[in-house]
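In what follows, a structure is listed as structure tokens, so that the remarks can point back to it.
The values are calculated or read from the model by the stated rules, or taken from the named source; none is laboratory data. Quick caveat, the model's predicted, so the values are computed rather than measured. So basically every Cβ, Gly included, is an ideal-geometry build from the backbone, and we count neighbours across all protein chains shown.
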2 protein chains.
Amino acid sequence: MKIAILLYDGITSLDAIGPYEVFSATAKCEVKFVAKKKGLIKLDSNMGYLHADYCFSEVTSADILVVPGCSPPNYKSPMNDEDTLNWIRKIHKTTKWTTSVCTGSLILSTVGLLNGVEATCHWGFYDLLRSLGTIPSENRVVRSGKIVTAAGVSSGIDMALQLVAWEFGEDISKSAQLILEYDPIPPFDSGSPKKAPAPMVEKIRGLMQELAKQEPEN
Amino acid sequence: MKIAILLYDGITSLDAIGPYEVFSATAKCEVKFVAKKKGLIKLDSNMGYLHADYCFSEVTSADILVVPGCSPPNYKSPMNDEDTLNWIRKIHKTTKWTTSVCTGSLILSTVGLLNGVEATCHWGFYDLLRSLGTIPSENRVVRSGKIVTAAGVSSGIDMALQLVAWEFGEDISKSAQLILEYDPIPPFDSGSPKKAPAPMVEKIRGLMQELAKQEPEN
């Protein structure tokens, strides 16, 4: 099974690496990291890089396309890059599953793939997703036809395990989970806006929305 | 706070990126990806790369050192590279916390930092850890003095959230968890050998132990 993971400057690393690691653990997937240009891809933190081994012209189809998110989802995002949007459109025609993690669904919505349908994204950006014509869902993984969207950052792991279950069956998904020892025991139960303290949620939502409004640096 | 994450060919990507993403979300950490030589670092899957922005001579101290694991933990591992073991020894003298994810604890044990103390690693390699003189623990995150070891692959996220709580307090850890929307809902409950079907556990354990015995390719 061929997996294409889109990379671009400003990407959130775990959005891409979470699904990659799950697919890799199945030993049944060929994963390609793809960007407009091959080479180093700057992370949203400015503290490191991923690497695109393939450029758009080298990857013309995929069984699963993964569109990761970025922080903030503004000028740095492929939402504003026509070449990237066109590549996503082209690959989408060939996929069994077109997927996103975090603010990646804002990109899919910009492409026009989520008009009037339910999808999810990072909880801080439901309004932005709605403004693009998509119905925000608070679920962690949302399927609308062959499009599957995941919530913020770490949710790509859960999404990929679900995709693996659909494609290869329950046992392969369970095996991948076991190989990654994905038996989460976070020290606190604060991973969703429904569980974290309300003032914390509002503060972070505010910060994220401010960041998303920033002007392009170029 | 200065974080150094060791990279090396054969590394398991999520072992490094999980903690990185947590530290990054605090906005209080400077994370450096460090390897023997700067440049591209081949992943264990042979399907992609991470990137070392710094070489050993450029990073001489750290508040937190993270030693990720690799699959399989054999010839590809820094366990067999004296320069890497020496760099870990040197950095360890400067750290507040020296940490590992997955088979990274086999490396810390080889360095001599875990003689006769409790530590954890990927569940498939407890015997190997014991053979190095360390007492394997089945806990997800294990603290022995200033050394903190985490279980397989995805457990580095939980470990980093715990370290953040110790260093910066509960609220910063909860905020990081919320930013990463780390509210796991895997489709199955199969992420530990205690929860997965026993035949699956034995099959994967066998495969891993076979891989670990393979001769160097070189």
For this session: Count, please, the residues in the stretch A:174-203 that happen to be closer than 24 Å to A:Pro19 by Cβ, within 7 Å of another protein chain (Cβ to nearest Cβ), not in a loop (DSSP other than H, G, I, E, B) and not polar (S, T, N, Q).
Result: 3
Exercise. Going by the conditions given, is A:Val34 farther than 26 Å from B:Gly152 by Cα and either at pLDDT 95 or above or part of a loop (DSSP other than H, G, I, E, B) (or both)?
Worked result: yes
Problem set entry | Unique match (being more than 8 Å from chain B (Cβ to nearest Cβ) and touching a Pro at 6+ places or on another chain (Cβ under 6 Å)) among A:Asp15, A:Asp9 | A:Asp15
For this session: Return yes when A:Lys96 is closer than 25 Å to B:Ser190 by Cβ, away from chain B (no Cβ under 11 Å) and out of contact with any strand residue (DSSP E or B) (no Cβ under 6 Å at 6 or more places or on another chain) and no when it is not.
Result: yes
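Considering the stretch A:1-31 alone, what residues qualify as being assigned to a loop (DSSP other than H, G, I, E, B) and more than 20 Å from A:Trp166 (Cβ to Cβ)?
A:Leu7, A:Tyr8, A:Asp9, A:Gly10, A:Thr12
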Exercise. Regarding A:Phe168, is this residue under 29 Å from B:Ser154 (Cα atoms), out of contact with any Cys (no Cβ under 8 Å at 6 or more places or on another chain) and surrounded by fewer than 17 Cβ atoms within 10 Å (Cβ to Cβ)?
Worked result: yes
Exercise. Hey, does the stretch B:61-70 have a residue that's over 17 Å from the mean Cα position of the chain (by Cα) and at pLDDT 95 or above?
Worked result: yes
Seminar exercise, completed: Among B:Glu138, B:Glu202, the single one that is among the acidic types (Asp, Glu) and under 23 Å from A:Thr26 (Cβ atoms) is B:Glu202
For this session: Among the strands (runs of 3 or more DSSP E) lying completely within the stretch A:45-148, list those that include at least 1 residues that are without any contact (Cβ under 8 Å) to a residue 12 or more places away in the chain and of a type in the set (Ser, Thr, Tyr).
Result: A:49-52
Exercise. Any idea which of (1) away from chain B (no Cβ under 14 Å); (2) in contact with a strand residue (DSSP E or B) (Cβ under 9 Å, 6 or more places away or on another chain) is the one A:Asn80 doesn't satisfy?
Worked result: (2)
Seminar exercise, completed: Checked A:Ser109, A:Ser77, A:Ser100 against criteria (hydroxyl-bearing (Ser, Thr, Tyr), over 19 Å from A:Val148 (Cβ atoms) and crowded, with 19+ Cβ neighbours inside 10 Å); the one match is A:Ser77
For this session: Could you check B:Asp53 against (1) under 30 Å from A:Met200 (Cβ atoms); (2) out of contact with any Ser or Thr (no Cβ under 8 Å at 6 or more places or on another chain); (3) among the charged types (D, E, K, R); (4) at the interface with chain A (Cβ under 7 Å from one of its Cβ atoms) and say which number it fails?
Result: (1)
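If you check A:Gly69 against the conditions, is it in contact with a Cys (Cβ under 8 Å, 6 or more places away or on another chain) and under 21 Å from A:Lys146 (Cα atoms)?
Spelling it out, A:Gly69 is indeed in contact with a Cys (Cβ under 8 Å, 6 or more places away or on another chain) and under 21 Å from A:Lys146 (Cα atoms).
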Problem set entry | Qualifying positions in the stretch A:9-52 - among the hydroxyl-bearing types (Ser, Thr, Tyr), surrounded by fewer than 24 Cβ atoms within 10 Å (Cβ to Cβ) and closer than 24 Å to B:Ala35 by Cβ | A:Ser45, A:Tyr49
Problem set entry | the stretch A:5-17 residues that are among the hydrophobic types (A, V, I, L, M, F, W, C), paired with ones that are assigned to a loop (DSSP other than H, G, I, E, B) (beta carbon under 6 Å, 6 or more apart) | A:Ile11/A:Pro68; A:Leu14/A:Val153; A:Ala16/A:Pro68
